[in-house]
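The values are calculated or read from the model by the stated rules, or taken from the named source; none is laboratory data. All values derive from a computational prediction rather than experimental measurement. Here Cβ is always computed from backbone atoms with ideal geometry, including for glycine, and neighbour counts include all displayed protein chains. These area figures cover heavy atoms from the full protein model, side chains too; ligands, DNA and RNA do not enter into them. Shrake-Rupley method; radii C 1.70, N 1.55, O 1.52, S 1.80 Å.
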Amino acid sequence: MYDWEGLAAAEVVAVDTETSGLFPDDGARVACVACAWGSGSIALPYDQGVRDKPATTKRRYEERRKAEENQMTFEDTEDDPNLDEDDWQQLLWLLSKKQLVFHNAAFDLIMIHAGTRHWDGVDLGDQLLWDTMIAHRVWRPNSSAGLDNAARELGIGQKEGLNAVREWLQHAKKPKHRYDLVPWKVIQEYVTVDAETTFALYEQQKLHFKEEPKEELQRLLKECRREFDLAVVLMRMEQRGLGYDSVRSIAAAEEMEHKVEDIIAVLPFKLTSAGARKYFLEQGLFPERTTPTGAPSIDAEQIREWAAEDPPVEFAAEYRDATKAKRAASMWYKGFVEKLGEDGRLRCRYRQVKFHGAGSNDSGARSGRLSVERVNLQALPQGNRIEKGMVGVRDLLLAKKGYSLVSFDMSQAELRCAARYSDCVRMQQMLTEGVDFHGRTTEEIMGITPDDPDWKHKRNIGKQLNFSSIFGIGGESFQALLAKQANIHLSLDEATELVSQWRRTYPEVVRAYRRAERIFRERGYVRILPATEFESRSYLADGDWPHTGFNRIVQGSLAAWLRLWLVEVDKEHPGTLVLTVHDSITLELPSKTATKTAKLIAAKASARASGLFKIPMVIDISKGV
């Protein structure tokens, strides 16, 4: 019935899993696995169907009652098709000997490692030969890399059996994505075709790649290999997770909730956006900003402005503090505890993304930066950003016993890249010499010296001005950014004048910004890590703005470097990477040798990055995240 001999004889095998969800820490596990190779395919159920599975909705009892009334069998009535543990172990053993192909390898590898509800899985990352999703993204960067679209563009057949699966789920009143509940006889064709399509796509991609000129073929293959390696690194980072202090986190959540209760007791309106809106409008306060429909807009920025007035608008600060505390308790202090795995570690899903066309279903950032889902470990606030004296979420991240968390951050990376790619000699010289670049900018533009009582406040403005002006920010946007990021409120005229003075101070950056905009519009792409062996392209897609060209060059090049760095660190220090945020990485290192190892890692990374960007790149080392 199952072609085990064909699978055993195959050298290259495409693999596709169907699972009960997306994330192992949420209980998701493998339901069935399909494999395809040059001369055949096999689909194997291990936990397919609804038997003995926990309730999938709160209305399960009602569904059962209605099913019985309609003389329908709630459970699948076919003979149990699921294979036993010996068959599961046989599959894993066979796959561990093959070169494997996936469409979105990171997901399938994560789930195969998690296993089924009944049996553990294995790590097959070393067997990854090809990822058809990544290959399509590299080859056709402005095209959706979903399996259906990629197959359609290369003339491969469409999915079969999907309508039957959807109809069964709808008829049985099951969640639309719970394919693991569908009877095997209904879903078998669908899962088999997915694996067969993936294998056919792999073969077609190889043929099309070979039609490219030799130099372009080598570039494509090298970029694919780098991205395949990165997929395995990110998959293992997710497996590893990051320790978290749940006890202290719950205590912090309770403290926040008590604060919210105290504020609610004195507020003359309900702690809702509608309640606040009604109250402030009734006080005769009408903001300048409006919603798309023309109604007064009382958003978080407006509340911050009212709270910052002298004297502040009554209850604006209380409302701001209460909403911030409520959000912190639910999003971080309680939210993170609810997301913990059974081993007490937090895991986020890394999206290995580049932008692939407006309106496509592919998630991602146009800059090429990695993003995350499920647990947003890339946007962790400091404790004092929530409330003075409050333990920060970062401080609750833990290393396992005998280990230490060590972070490596690219110091002023965007400024250094902007200086280099704009050929601004003055900026390059200051950054290379290690002078206080933000301080120097503040002195020159605002005419203030470090001994001024207002120096710290003004330097903060100068810092925000530097980081935003390299990407062409305007006066209005700079005004809004200062208010949101630094709680600094300037008039529009003041903000506009500061931006204008910055542009006069560093004109080379302004010219580079305009040049990149023109090239992006006329040529349709900008170069990433230009004039290096890792050079690639970032393309202008429908819905993109040409004025983001310089941003793409700077942030895209840093993102490309980060991808290289992750693979290199994982190769030289396997099992240590636990987090990456934009231009930084965090490792879990043995405490006894952490300092020595960290210095070696930073020195090597600094030398390599400096060579790539042709400007000294500094790596800062810090404990924790």
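Are any residues in the stretch 390-404 in contact (Cβ under 8 Å) with a residue 24 or more places away in the chain, touching a helix residue (DSSP H, G or I) at 6+ places or on another chain (Cβ under 9 Å) and either surrounded by 21 or more Cβ atoms within 10 Å (Cβ to Cβ) or not in a helix (DSSP H, G or I) (or both), and if so, which ones? Talk me through it step by step, then tell me what you get.
First, the residues of the stretch 390-404 that are in contact (Cβ under 8 Å) with a residue 24 or more places away in the chain: 390-391, 393-400, 402-404.
Applying the additional criterion that residues be touching a helix residue (DSSP H, G or I) at 6+ places or on another chain (Cβ under 9 Å) yields 390-391, 393-396, 399, 402-404.
Matches in the stretch 390-404: 390, 391, 393, 396, 399, 402, 403, 404.
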>> I'm trying to understand the selection: among the residues of the stretch 244-267, which are under 16 Å from residue 307 (Cβ atoms) and surrounded by fewer than 18 Cβ atoms within 10 Å (Cβ to Cβ)?
In response: 266, 267
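Criterion first (within 14 Å of residue 505 (Cβ to Cβ), buried (at least 17 other Cβ atoms within 10 Å of the Cβ), touching a residue at least 12 places away in the same chain (Cβ under 8 Å) and touching a His at 6+ places or on another chain (Cβ under 9 Å)) does residue 460 satisfy it?
Values: within 14 Å of residue 505 (Cβ to Cβ): no; buried (at least 17 other Cβ atoms within 10 Å of the Cβ): yes; touching a residue at least 12 places away in the same chain (Cβ under 8 Å): yes; touching a His at 6+ places or on another chain (Cβ under 9 Å): yes.
Spelling it out, it is not the case that residue 460 is within 14 Å of residue 505 (Cβ to Cβ), buried (at least 17 other Cβ atoms within 10 Å of the Cβ), touching a residue at least 12 places away in the same chain (Cβ under 8 Å) and touching a His at 6+ places or on another chain (Cβ under 9 Å).
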> Would you call residue 503 touching a helix residue (DSSP H, G or I) at 6+ places or on another chain (Cβ under 7 Å), basic (Lys, Arg) and surrounded by fewer than 22 Cβ atoms within 10 Å (Cβ to Cβ)?
Replying inline: yes
> What are the residues in the stretch 463-489 that are touching a His at 6+ places or on another chain (Cβ under 8 Å) and on the phi > 0 side of the Ramachandran plot, if any?
Replying inline: 472
> Got a number for residues in the stretch 306-353 being open to solvent by 30 Å² or more (accessible area, probe 1.4 Å), touching a strand residue (DSSP E or B) at 6+ places or on another chain (Cβ under 9 Å) and more than 19 Å from residue 114 (Cα to Cα)?
Replying inline: 1
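Residue-by-condition table, conditions (1) within 15 Å of residue 14 (Cβ to Cβ); (2) free of Cβ contacts under 8 Å to residues at least 24 places away in the same chain; (3) open to solvent by 30 Å² or more (accessible area, probe 1.4 Å):
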position: 157; (1), (2), (3): yes, no, yes
position: 173; (1), (2), (3): no, no, yes
position: 178; (1), (2), (3): no, no, yes
position: 182; (1), (2), (3): no, no, no
position: 188; (1), (2), (3): no, no, yes
position: 207; (1), (2), (3): no, yes, yes
position: 211; (1), (2), (3): no, yes, yes
position: 214; (1), (2), (3): no, yes, yes
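Look at the stretch 112-154 and say how many of its residues are of a type in the set (Asp, Glu), touching a residue at least 12 places away in the same chain (Cβ under 8 Å) and open to solvent by 30 Å² or more (accessible area, probe 1.4 Å). Write out each step before concluding.
To start, the set of residues in the stretch 112-154 that are of a type in the set (Asp, Glu) comprises 120, 123, 126, 131, 148, 153.
Now restrict to residues that are touching a residue at least 12 places away in the same chain (Cβ under 8 Å): 123, 126, 131, 153.
Retained after the next criterion (residues that are open to solvent by 30 Å² or more (accessible area, probe 1.4 Å)): 123, 126, 153.
So the answer is 3.
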> Looking only at the stretch 526-542, which residues are of a type in the set (A, V, I, L, M), part of a strand (DSSP E or B) and under 21 Å from the mean Cα position of the chain (by Cα)?
Replying inline: 528
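May I ask you to list the residues in the stretch 415-432 that are open to solvent by 30 Å² or more (accessible area, probe 1.4 Å) and in contact (Cβ under 8 Å) with a residue 40 or more places away in the chain? Reasoning before the result, please.
First, pick out the residues of the stretch 415-432 that are open to solvent by 30 Å² or more (accessible area, probe 1.4 Å): 420-421, 423, 425-426, 428-429, 432.
Passing the criteria: 420, 421, 423, 425, 426, 428, 432.
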> Which residue pairs have Cβ atoms under 6 Å apart, sit 6 or more places apart or on different chains, and have a first residue in the stretch 487-498 that is hydroxyl-bearing (Ser, Thr, Tyr) and a second that is in a helix (DSSP H, G or I)?
Replying inline: 496/475
> Does the stretch 481-502 contain at least one residue that is among the hydroxyl-bearing types (Ser, Thr, Tyr) and in a loop (DSSP other than H, G, I, E, B)?
Replying inline: yes
